[in-house]
Amino acid sequence: MTYLYLNRNYKAESKKLEVKKYDYPDYDICAFKQKFENGIVYSEEQCREAGGITTKLTLPKTDKQNLIQCVELIFKSSPMDIEHGWNSDKTKFGPTDNGVGCYYEIKETENNTKIDMYCGC
């Protein structure tokens, strides 16, 4: 959903970079990175057979409250029957039992903000 949103709302500044493909017959893309306007960088990787999907989103320095809402909207776009919640400092969002589900982590640096996402078992 995140990639679809970026493609519809932001101009791509690059084609897919660092492309990796599956080794088996369909040879579909299993990992890539792409740059968008305003310094946004999106990458995803799902090359492991049963490893889930890892997505990284780099944004310009962003207000944390807006990021919290963004993470919750991303999660709601593909809801699960597993209870999810925030840690005490609202930097990590994931299953409250720390089991199977989707995990989101907000990392703030001096120049930008990153959201690391992982969904799987």
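The values are calculated or read from the model by the stated rules, or taken from the named source; none is laboratory data. For clarity, every value in this text was computed on a predicted model and none was experimentally measured. Cβ atoms come from the backbone with ideal geometry, glycine included; neighbour counts cover every protein chain shown. Ligands, DNA and RNA are excluded from the accessible area calculation, which covers all protein heavy atoms including side chains. Shrake-Rupley method; radii C 1.70, N 1.55, O 1.52, S 1.80 Å.
With respect to residue 115, determine if the residue is at pLDDT 90 or above, open to solvent by less than 70 Å² (accessible area, probe 1.4 Å) and closer than 26 Å to residue 14 by Cβ. In short, yes. Summed over the stretch 65-114, residues that are β-branched (Val, Ile, Thr) and not in a loop (DSSP other than H, G, I, E, B) total 5. When we screen 110, 105, 45, 83 for residues that are closer than 14 Å to residue 2 by Cβ and either of a type outside the set (Val, Ile, Thr) or open to solvent by less than 30 Å² (accessible area, probe 1.4 Å) (or both), the only hit is 45.
All of 55, 62 fail the test of being touching a residue at least 12 places away in the same chain (Cβ under 8 Å) and assigned to a loop (DSSP other than H, G, I, E, B), apart from 62. If you filter the stretch 10-41 down to residues that are of a type in the set (Ser, Thr, Tyr) and open to solvent by 50 Å² or more (accessible area, probe 1.4 Å), you find that the one that is nearest to residue 115 (Cα to Cα) is 10. Within the stretch 8-51, the residues that satisfy the criterion of being among the aliphatic types (A, V, I, L, M), farther than 19 Å from residue 111 by Cβ and part of a strand (DSSP E or B) are 12, 17, 19, 29, 31.
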